[in-house]
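So the structure is just underneath, and the comments pick up after that.
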Amino acid sequence: MAELLAKTACAGLLPLTVGGLSLSESAPAALTTLAPYRGQEQALSKALMAAHGLGFPAIHASTQGKKDARAIWFGRDLALLIGPEPDSRLAQHAALSDQSQGWAVVELAGVGAAEVLARLCPVDLRAAAFPVGASLRTEAKHMMVSISRLGEDRFQIMVFRSMARTLIHDLKTAMEAGAARG
Amino acid sequence: MLDFVYSNTFSTLKQGRVRYGLMLREDGFVMDDGTTARLGPNHYVMTTTTAAAGEVMAHLEFILQVLHPEWDARAISVTEHWAQFAVAGPKSRELLNGLLDQPIDGDSWPFIACGEVSVLGVKGRLFRISFSGEEAYELALPACYGDSLFRSLLARAEGLGGGAYGMEALNVLRIEKGFITHAEINGTVTAHDLGMAGMLSKKKAFIGQAMAARPGLVDPERMQMVGLKPIGAVKELSAGAHLFSPEDPVERIFDQGYVTSAGFSPLMGHMIALGFLKQGVNRIGDEIRLVDHMRGIDTLCEVVEPVFFDPEGERTRG
């Protein structure tokens, strides 16, 4: 019997290195949007803590839980659970949608990563305005993105899966332009 | 909420079934059409036209945030998570049964059925819906399997004497069936114009209901959707052409309507078209002159019903 082969969003495109910067695909096991029902945000946060060791993230923030579990702010009354399959009890408090294959998740790392993103995004991603743990939705070259700061010089960037190639092209171009300046 | 956003009723839709729906804008004109499938007691997946996906998403958010903030429902796009393919034709079921871990039959998957399936060990969704007029299914798997699934479907289709069909073929198939796209629902047409007045429920409130009842929107003098087939020496029809009564001069003030979609139908052996014509429903069988100055086309057409093929839908139901 034939088999179906799975391809990640950035298969064949990453990793790449330009100067001191690297771009790689994260491809987390699962991505789930958590959309709390009316007045359920706190109850959802408790359930998240019990199941995954993290709370519901505040606006423009993220939370870190057990093992690789993370939750990032993903829009109005919305969070994205990254890593684990969601505990079934969360469904009592929120609409859960499997988005695992809907997003390309990449990591840009190295000194000058914020300057690369500054070439593509209209928001201030410098550490003073966007510290480690911060997460927001913005645009990169007209593509809607989610950006999270994982470390001082480490960012997670997400776009819709169908836009992976364009994002990587734009990031690579910005990385090369940055490197050319020295 | 679905009853409010669609002009027809969705509260009677059973779990495991799909329904076609029409949405109006607040001003009473048609905004979009599509299907909604009931996956669970309180879980639905809505499809929109590609052209209006963003507009409908914003519309749903507007309803939830502004018009009915008391409703406890959430809407989110899952378009990117799924790779979904249409499998259409008399052998579509045979093709699918070569891939599905549990074969389906007409009783377990009648027209408009939907539900979870397993495809070579991967969980997905199957919808028995048809935009081609054939017995057809749409199979969705997580996007990471999209490439592999398409290759597998294509190889099996070719083994059965079929193949991939593109947008042009799809367009011809849907014109033959009189199915609308945004070529027809161009923002200036009403449900009445489309012959879909029956989809405006009288039993519940929905967006656009009041404004759709304005005299100007239900005026029988309005242009209504019709089919066209060539009867003159010139057999070419074109979208964008305008329609005139054969006895009138070809001048703007005599304009009777316009063509929205056209294509060559191998089934009919000639070109067919959909368009809007003043009092069109009363002019079936009449001759009309089609003029396209840009492409230099001037031909006579017969006004026909907008459904060219299988009006009873027997092929779709298998």
In Å², nearest 10: area of residue B:71 left accessible to a 1.4 Å probe: 70
Cα principal axis extents for the range A:1-146, largest first, Å: 54, 47, 29
Set of aspartates and glutamates near residue B:204 by C-alpha distance (under 18 Å), chain-local residues within fewer than 8 positions excluded: B:3, B:26, B:27
For the protein assembly as shown, with +1 on Lys and Arg beta carbons and -1 on Asp and Glu, the positive-most of B:64, A:73, A:179 along the dipole: A:73
For the protein assembly as shown, radius of gyration divided by Kirkwood radius, i.e. Rg to Rh on alpha-carbons: 1.02
Euclidean distance between Cα centres, the range B:166-186 to the range B:14-81, Å: 22
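Classify the range B:215-263 as rounded, prolate or oblate from the Cα gyration tensor: take a ≥ b ≥ c as the square roots of its eigenvalues, call it rounded if a/c is under 1.5, otherwise prolate when a/b beats b/c and oblate if not. Intermediate values should be presented prior to the final figure.
Values: a/c = 2.31, a/b = 1.45, b/c = 1.59.
Taking the square roots of the gyration eigenvalues as a ≥ b ≥ c, the range B:215-263 is oblate.
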Convex hull volume per residue in cubic angstrom - Cα atoms of the range B:6-96: 138
3J(HN,Hα) from dihedral phi, the range B:174-180, Karplus parametrisation 6.51/-1.76/1.60, rounded to Hz, x for glycine, proline: 6, 5, 4, 8, x, 7, 8
Evaluated at q = 0.35 Å⁻¹: base-10 log I(q)/I(0), Debye formula over Cα of the range B:257-297: -1.17
Largest-first ellipsoid semi-axes for the range B:88-157, taking √(5λ) over the Cα gyration tensor eigenvalues, angstrom: 18, 14, 11
Quotient of C-alpha Rg and 2.2 N^0.38 Å, computed over the range A:31-98: 0.92
Values of log10 I(q)/I(0), in the order q = 0.07 Å⁻¹, for the range B:1-217 under a Debye, Cα-only, solvent-free model: -0.24
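Using only C-alpha atoms and all pairs of different ones, pull out the Kirkwood radius for the range A:71-182 in Å with one decimal. Mind dumping the intermediate values first?
Numbers: mean 1/r = 0.0668 Å⁻¹.
Every distinct Cα pair counted, the radius reaches 15.0 Å.
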For the range A:85-102 versus the range A:1-44, the gap between their alpha-carbon centres in whole angstrom: 15
Net charge of Cβ neighbours under 15 Å - reference residue B:74; Lys, Arg +1; Asp, Glu -1: -4
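Dividing the convex hull volume of the Cα atoms of the range B:1-58 by its residue count, what figure in Å³ per residue is obtained?
Details: hull volume 4.5 nm³, N = 58.
Looking at the range B:1-58, the number lands at 78 Å³ per residue.
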Angle between chain B longest axis and helix B:146-159 axis [Cα atoms, degrees, rounded to 10]: 70
0 to 90° range, to nearest 10: angle between helix A:164-181 axis and chain A longest Cα axis: 40
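Which value does Rg/Rh take for the range B:168-270 over its C-alpha atoms, Rh per Kirkwood?
Values: Rg = 16.1 Å, Rh = 15.8 Å.
Taking Rg over the Kirkwood Rh, I get 1.02.
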Cα-centre dipole for the protein assembly as shown with unit charges at Cβ (Lys and Arg positive, Asp and Glu negative), debye to 20: 1360
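So how do B:9, A:32 rank on accessible area, 1.4 Å probe, biggest first, that is with the largest at the start? If you can, show how the numbers build up before the last one.
On the way: B:9 40, A:32 5 Å².
So, going from the largest accessible area down, we get B:9, A:32.
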Net charge over other residues, Cβ less than 10 angstrom from the Cβ of residue B:230 (K, R count +1; D, E count -1): 0
Cα pair distances of the range B:118-230 binned at 5 Å [whole percent]: 2, 8, 14, 16, 14, 12, 10, 10, 7, 5, 2, 0
Heavy-atom accessible surface of the range B:1-217: percent carbon and sulfur, 1.4 Å: 57
Förster radius 30 Å - calculated FRET efficiency between residue A:17 and residue A:46, Cβ distance, rounded to 0.05: 0.10
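Calculate the dipole size of the range B:220-318 relative to its Cα centre from +1 charges on Lys and Arg beta carbons and -1 charges on Asp and Glu beta carbons; express the result in debye to the nearest 20.
For this selection, approximately 260 debye.
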Cβ-placed point charges (K, R +1; D, E -1), dipole of chain B about Cα centre in debye, nearest 20: 740
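For chain B, what is the mean residue ellipticity at 222 nm derived from helices alone (per DSSP H run of n ≥ 4: -39500 (n - 2.57); sum divided by total residues; nearest 500 deg cm²/dmol)?
Working: 8 runs with 57 residues, N = 318.
Calculated from helices alone, the mean residue ellipticity at 222 nm is -4500 deg cm²/dmol.
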Cα long-axis angle, helix A:41-52 against chain A (0 to 90 degrees, to the nearest 10): 80
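Could you tell me what % of all Cα pairs in the range B:220-318 have separations over 15 Å?
Working: 2822 of 4851 pairs.
Every Cα pair in the range B:220-318 considered, those over 15 Å come to 58 percent.
The values are calculated or read from the model by the stated rules, or taken from the named source; none is laboratory data. All figures in this text were calculated on a predicted structure; none of them were measured in a lab. FYI the Cβ positions are ideal-geometry reconstructions off the backbone, even for glycines, and counts take in every protein chain you see. The area values use the complete protein model at the heavy-atom level, side chains included, leaving out ligands, DNA and RNA. Shrake-Rupley method; radii C 1.70, N 1.55, O 1.52, S 1.80 Å.
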